[in-house]
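Asks: Attaching a single structure in structure tokens format; questions to follow.
The values are calculated or read from the model by the stated rules, or taken from the named source; none is laboratory data. What you are looking at is a predicted structure, and each value in this text was computed from that prediction instead of being measured. Here the Cβ positions follow ideal geometry from the backbone for every residue, glycine too, while neighbour counts run over all protein chains shown. Keep in mind that these areas ignore ligands, DNA and RNA; they rest on the heavy atoms of the full protein, side chains included. Shrake-Rupley method; radii C 1.70, N 1.55, O 1.52, S 1.80 Å.
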Amino acid sequence: MFIGYVPSTGRFKDSVETNANGEIIADQCMATNVPGVFAAGDTRQKRFRQITTAVSDGTIAALSALEYISA
Ligand SMILES: Cc1cc2nc3c(=O)[nH]c(=O)nc-3n(C[C@H](O)[C@H](O)[C@H](O)COP(=O)(O)OP(=O)(O)OC[C@H]3O[C@@H](n4cnc5c(N)ncnc54)[C@H](O)[C@@H]3O)c2cc1C
């Protein structure tokens, strides 16, 4: 049995764009279709899910959020 790849994004499906698997769609800056809302890690649509990619996403999302707030 293998568990762990179903994202817990149900509460966001009416707020931000998700795909058929419930993964949040975000661009390379981790920005969603809603200005000021960012997604990172396994919660978003992407090809590879590893700790390193999640940490990278987190850094990018945090810097993008900082940039958004500063602007
Ligand atoms: C079985 C399995 C084996 C894996 N093995 C490896 C491996 O060997 N090497 C590797 O690099 N990667 C591995 N991965 C992938 C790796 O675990 C993930 O890519 C990584 O943990 C994603 O980090 P994340 O922070 O995005 O999500 P998560 O680590 O899932 O963290 C999300 C956190 O949010 C919390 N949360 C959820 N909903 C809420 C809420 N409403 N309010 C507050 N908190 C909430 C959860 O409890 C959780 O602590 C494995 C994954 C699985 C499932």
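Asks: Between 24, 3, which is within 12 Å of the ligand (Cβ to nearest atom) and open to solvent by 100 Å² or more (accessible area, probe 1.4 Å)?
Replies: Values: 24 fails: open to solvent by 100 Å² or more (accessible area, probe 1.4 Å).
Unique residue meeting the criteria: 3.
Asks: If you take the residues of region 6-21 that are of a type in the set (Val, Ile, Thr) and within 10 Å of the ligand (Cβ to nearest atom), which of them is surrounded by the most Cβ atoms within 10 Å (Cβ to Cβ)?
Replies: First pass over region 6-21, keeping only residues of a type in the set (Val, Ile, Thr): 6, 9, 16, 18.
In the following step, the residues that additionally are within 10 Å of the ligand (Cβ to nearest atom) were identified as 6, 9.
Values: 6: 11, 9: 18.
Per the stated criteria, the residue is 9.
Asks: Among the residues of region 13-41, what is the count of those that are hydrophobic (A, V, I, L, M, F, W, C) and outside any loop (DSSP other than H, G, I, E, B)? Please lay out each step first, then the result.
Replies: Narrowing region 13-41 to residues hydrophobic (A, V, I, L, M, F, W, C): 16, 20, 24-26, 29-31, 34, 37-40.
This time we only want the ones that are outside any loop (DSSP other than H, G, I, E, B), so: 24, 31, 38.
Looking only at that region, the number is 3.
Asks: Next question. When only residues in region 27-63 that are away from the ligand (no atom under 16 Å from the Cβ) and among the small types (Gly, Ala, Ser) count, which is surrounded by the most Cβ atoms within 10 Å (Cβ to Cβ)? Can you show your working first?
Replies: Filtering region 27-63 for residues away from the ligand (no atom under 16 Å from the Cβ) gives 27-29, 31, 33-36, 63.
This time we only want the ones that are among the small types (Gly, Ala, Ser), so: 31, 36.
Numbers: 31: 20, 36: 10.
Ranking the candidates gives 31 first.
Asks: While we're here: List pairs: first in region 9-30 and more than 16 Å from residue 61 (Cβ to Cβ) and at pLDDT below 95, second outside any strand (DSSP E or B) and among the charged types (D, E, K, R), Cβ under 9 Å, 6+ apart or cross-chain?
Replies: Matching pairs, first to second residue: 22/13.
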